[in-house]
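Only one structure is covered here, and it is reproduced in the block below.
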Amino acid sequence: MPELVTRVTVEELPSATGDPITVMRFSGDITSASQPAVLGTYEGLPDTVKRVLLDFSKVDYLNSSGIALVIQMMIAASKRGQTIHTFGLSPHFKKVFTMVGITKYTTLHPDEASASAAFG
Amino acid sequence: MSIGRTSGDRSSSSIELRLPSRLGYEKVAMNTAASVARLMGFSEERVEDLKTAVAEACINAMEHGNKLDDSLSVGVILSMDANSLEVKVTDNGEGPQSNPDAPDIDKKMLGEEDARGMGMFLIQALVDEAEWVSSPPAGSYARMVIHLGQPQV
């Protein structure tokens, strides 16, 4: 039973209130095998990116190794002075993200509109 | 992968799976446990809790217990009675050497703690009972129980 491939697409959304928002849309599984897709894609973003929106609405399966990759992305974002907002998590994974403390470093939003608006 | 049903008793019964120590196969155990929990009448929130706990226990068994040795299998035994569902995940290793600590996100962000290593914490946080039993040379197991009617996490 192979894991589902992790797919990440990147979009840039214009913002009337400041820097554009870079959206990373994840789909498939996010596991230990997802490092090239998750961190590789993140590291390929230009240094000029200041606002990052994470979309988990199409993720089928996420485990603790996948969550660790999200934390590693947040460590890198903190060093680059970026702000991260997140949406699309199921109620269960909102609870899990809260349990492990990720919510100290990103806010979890119910949908893309509220997450985008949170950049101000 | 093999599947067996070990008891036909109406009041308690069990299902056994044997999985290869290959990442990805934990989803077989996770989805089997979810199906059983739904049949027993657990809420969807509790089913999701159990899915994560079972997947993490299987991943630990594959990675740490069996060192991803494809020739070693991970056993999963689901035992049901009227009020509870117990899942035992067995491997050939020595079991964890310490109790799970809550992850410290600030230490992780500062690089003072590995970004990984949250599996046992999540298991303990998501089920009603969790224990890890080491019994070399026979192997080790993680045991998890959820109870019907228990307040949600």
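Averaging the Cα positions of each part gives two centres, and for segment B:76-91 and segment B:24-66 these lie 11 Å apart.
Computed from the C-beta positions of residue B:18 and residue B:107, the FRET efficiency with R₀ = 35 Å rounds to 0.40.
Of the GluC sites (Glu not before Pro) found in segment B:33-102, those in coil by DSSP whose Cβ has at most 16 other Cβ atoms within 10 Å are B:94.
Neighbouring Cβ atoms from other chains, within 10 Å of the Cβ of residues in A:63-75, number 6 on average. Placing pseudo-labels 7 Å out from each Cα toward the beta carbon at residue B:68 and residue A:9 gives an inter-label distance of 3.1 nm.
Over chain B, Cα pairs under 8 Å with separation of 6+ residues give a relative contact order of 24 percent. When chain A is treated as a Gaussian network with alpha carbon springs shorter than 10 Å, the biggest mean-square fluctuation among A:55, A:47, A:29 belongs to A:47.
Averaged over peptide A:95-105, the number of partner chain Cβ atoms lying within 10 Å of each residue's Cβ comes to 5.
Computed over segment B:3-153, the P(r) curve from all C-alpha pair distances, binned at 5 Å from the origin, holds 2, 10, 19, 21, 20, 14, 9, 3, 1, 0, 0 percent per bin. When chain B is treated as a Gaussian network with alpha carbon springs shorter than 10 Å, the biggest mean-square fluctuation among B:13, B:98, B:140 belongs to B:98.
Simple point charges give the picture: +1 on the Cβ of Lys and Arg, -1 on the Cβ of Asp and Glu, and for the protein assembly as shown a dipole about the Cα centre of about 300 debye. Divide the volume of the convex hull around the Cα atoms of the protein assembly as shown by the residue count and you get 125 Å³ per residue.
Since every read-out is calculated from the coordinates, none of them should be taken as a lab result. Quick caveat, the model's predicted, so the values are computed rather than measured. Cβ coordinates were reconstructed from backbone atoms using ideal geometry, including for glycine residues, and neighbour counts include every protein chain displayed.
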